[in-house]
Every structure is written in structure tokens, then in C-alpha cells.
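Laboratory data are not the source of any read-out in this text; all were calculated from the coordinates shown. Only a predicted model underlies this, so the values are computations on that prediction, with no experimental measurement involved. Methodologically, a virtual Cβ is constructed for each residue, glycine included, from the backbone with ideal geometry; neighbour enumeration extends over all protein chains shown.
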Amino acid sequence: MIYLDHGATSYPKAPGVSAAVAQFIDEASGNPGRGGHQLTITASRAIEDARTAVADLLDADPERTLLGPSATFWLNTLLYGRLGPGDRVVTSALEHNSVMRPLRWLQARRGVDVVVVKGAASTGVPTPAEIQDAVDHRSTALVILTHASNVSGAVLPVEEVARRVAPTPVAVDGAQTAGTLPVAFSQSGLAAFICSGHKGLQGPSGTGIALLAEDFQIQPLIRGGTGSNSESEDMPPILPDLLEAGTPNGPGIAGLGTACTWLADRTVEAVQNHERALVERCITGMRAIPGLRLAGWVQDMAQTGVLSFTVDGEDIGELAAWLDRDRGIALRAGLHCAPAAHRRLGTFPTGTLRVGVGPQTTEDDIDALITALEDRCG
Ligand SMILES: Cc1ncc(COP(=O)(O)O)c(C=O)c1O
């Protein structure tokens, strides 16, 4: 199979990930932080080692590197924990539903003022000045932006936004960029960076990360056991315990730590260059195919390893099914959980076919896709 759906999740995982998952299950399945016996201590060590590997890769403070089930969980925790009646939140038109759905709920049920900055007609990418104009320092509690569109791969200028709107906190959904673009959180000026562990970071499903700046607090979405301060019926005030209630996904976290160590060795810059070259090769091939349209793409835009397209006269669902069945090429067709982005890019309601490359994708994989598209649509 030629797997080109890295925008959804990575496959295959980084070398060593499945062994680390199995090793945790076989040798470290105590409940971390709960009790003092050997198996619990081994589990705690494995989790803290993984936390350090994640924090080192993303240049963050390990104590403020929070591990949980998904980017969605942390985005919801952040939004429900920070926004209340009368608050304004500024966001882009390219957001995933893991940001848009909580925001629309907060708008309808808690009176939060949601301002969506439309951005450029061609790409939906807002300029820092457009975001700044939407920020009213008295009422704006948060700016939340995706770091890159999961539909088109377009990268947003999040650090420049943070500089311009300070002291308004800027939180970033880095689900599409962690592990594929270099991230140096401590230098970024961002209040929070949230990402999946299972996409660019090459870890197992069921893992997600929140990085919080020193002066940025969020309230827990869920409360429960932490193994610390057990005499109290309130959550412990210290991080990461405050925001990590319940037994963690030890096997997944151990796998994530191994994936981050592998990425650190290979370097994220090398992955970025590899993916960039593959995307350019793909775009060059696609632009020669009659009727094929790239969605939300302009020449020389900053882009991840993701791109989207449609083909005139082709049903994209059928095209995806044919690529899978006849050519063994896995792509995703549809709205990619980002209807707002498709509305902005003019591809709503049918959506696009999305290509997502990864560290182990090859030029031959891209050439096979282009040949298949030429055979079917050329
Ligand atoms: C931009 C973006 N944000 C958030 C998410 C949600 O990530 P997770 O699957 O880790 O909850 C995704 C995943 O598709 C995404 O692409």
C-alpha cells in the first residue's frame, strides 16, 4: 500500500514505536504515580522519560508539557477553561472542528464573541495585521489559530501574530505542524501550543500534547485521581498533575517518547526538507493534469506536507475509492473535519482529495500517484 494520508495520522510509525508500546505493556504496566512498588516506579519513569523527549523536541519546559489523549482534548480544555460570557476570541477561517465546534458551542451557550478573520480569498491565510485589527485588548481573551491548514497545508504566521497582539495570549493548534516544522516553543511568544502525538510526531493513536507558557494558566476539563495530594478533594495546584487526571495511556506515551527521540535524531529540519521536496514534486505533476485544481494553494506559499485538490467532472469519493482499490494508494476524500476551511476555499460541501506525505514517503510513491491520476483523468 502507498500511504498518503499523513494529514490524518502517520503510518508507518517511527521505528521502535511498536516495540516501546509492547515493552511498556509487558514490563511497565504499573499505574504511574500511584503507589511505591517497582512496577509503578518503572511506569512513572517511562512516562517522565517520554515527557522529557517530547519537551526536548519542542523546546518546552517538561513540567508544562502535558500529555493526554488527543489534540482535541487539549483544545477543548483550553477553550472551555479560558473563555466565558463577554469574552472575545479571534480565530481564522481555516480551523479544524476541534476548534470551531467548541467555539460555536461557547458562542451559542456562554455568550462568547467569536470573531473569524477570513484571510486571503485564495488561501484563507490571515495576515498578522488582519488578526491585530480584530483584537480589542479590553475584551479579547484569546487568539486561537491553526499553525497550518489540515486541508491545504498553508502555514499561518503565528509567531508574528503573537508579537503584534501581545499581551493578548495566542494559542496555536499545531496538529499539522509538530514534527513536520521546527517548533521552539520557549522562544515563540505563544501562550499555548497544542498538537497530536499520532500525526507528525509519529507516535501512537490516543496521544496529544499541550505546551503552556510560564504565565499562562488553564482550568482542568476533567477532575479525578492523580496519585498526588490524595488527602484533598480538590485537584493538586501543580502541573502537570492539575491537568492530567486519570490513569494515563502509558503504552501510547512510551511509544510517543520513542518517536520523538527518533525525530530528534533524524531532525525535524530534515523531515521538513524531505516533505517539502515531495510536495513540490507532487504539485509539479498535478499541475500538468487537465482539470485538476489545487485547493487553497498559491505559488511559493509556506506549506506543510499536505495538499488538497479536486478534478473537474470527477466525484472525489469515487476517485479516492478507485485509487485505493485499483492502485493501492490511500488518500482521504471529503471535508477533513474542517468545513469552515472548505467554505473559505470554495470547496464546500463536497470537499477535496487530500495528499499527506510523511518521513518515510518516497519519490516513487508520489510518481505512482501522478501516474494513476494521469491514467484516470489525463
Ligand atoms: C488541524 C487539526 N487540529 C486538530 C486535530 C485533531 O487532532 P486529534 O486527532 O489529535 O484530536 C486535527 C486532526 O485531524 C487537525 O488536523
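Just a few scattered comments:
- In this rough spin-label picture, where each label sits 7 Å from Cα along the Cβ direction, the ARG343-SER139 distance is 2.0 nm.
- Scaled to the globular estimate 2.2 N^0.38 Å, the Cα spread of the stretch 146-279, given as radius of gyration, is 1.17.
- Paired Rg and Dmax values of the stretch 1-153, which use every Cα atom, in angstrom: 20.0, 59
- Principal axis box of the stretch 152-216, alpha-carbon based, largest edge first, Å: 36, 27, 15
- Based on every Cα atom in the stretch 59-118, Rg and the maximum pairwise Cα distance Dmax equal 12.8, 37 Å.
- Built amide H within the under 5 Å cut-off of ALA148, gap 5+: LEU156, GLN176
- Between the beta carbons of GLU280 and ASP56, assuming R0 = 35 Å, the FRET efficiency works out to 0.70 to the nearest 0.05.
- Of the residues ALA302, LEU201, LEU239, the one whose Cα sits farthest towards the positive end of the charge dipole of the stretch 196-351 is ALA302 (charges of +1 on Lys and Arg Cβ, -1 on Asp and Glu Cβ, taken about the Cα centre).
- Residue among ALA288, ALA55, ALA162 with the largest mean-square fluctuation in a Gaussian network model of the chain, springs linking Cα atoms under 10 Å: ALA288
- In plain terms, the chain from ILE41 to GLU233 could stretch by 66.7 nm, reckoned as 0.36 nm per residue minus the Cα-Cα distance.
- Secondary-structure-derived ellipticity at 222 nm for the chain, considering helices only, amounts to -12000 deg cm²/dmol, per-run term -39500 (n - 2.57) for DSSP H runs with n ≥ 4.
- Computed lengthening from ALA270 to ARG293, 0.36 nm per intervening residue step minus Cα-Cα distance: 5.4 nm
- Cα-based helix-to-principal-axis angle, 71-82 vs the chain, degrees rounded to 10: 60 degrees
- Orientation-averaged projection of the chain equals 18.6 nm² [convex hull of Cα atoms, one quarter of hull surface area].
- The label point for ALA166 and the one for ALA22, both projected 7 Å from the Cα toward the Cβ, are 4.9 nm apart.
- Dipole in debye (nearest 20) - the stretch 59-186, about Cα centre, beta carbon charges: Lys, Arg +1; Asp, Glu -1: 440 debye
- Euclidean distance of C-alpha centroids, the stretch 289-336 and the stretch 1-60, integer Å: 33 Å
- Angle in degrees between helix 97-110 and the longest Cα principal axis of the chain, rounded to the nearest 10: 60 degrees
- Helix 268-287 and the longest principal axis of the C-alpha atoms of the chain enclose an angle of approximately 30°.
- Only Lys, Arg, Asp and Glu carry charge here, each on its Cβ (+1 for the first two, -1 for the last two); on that basis the chain has a dipole of about 920 debye about its Cα centre.
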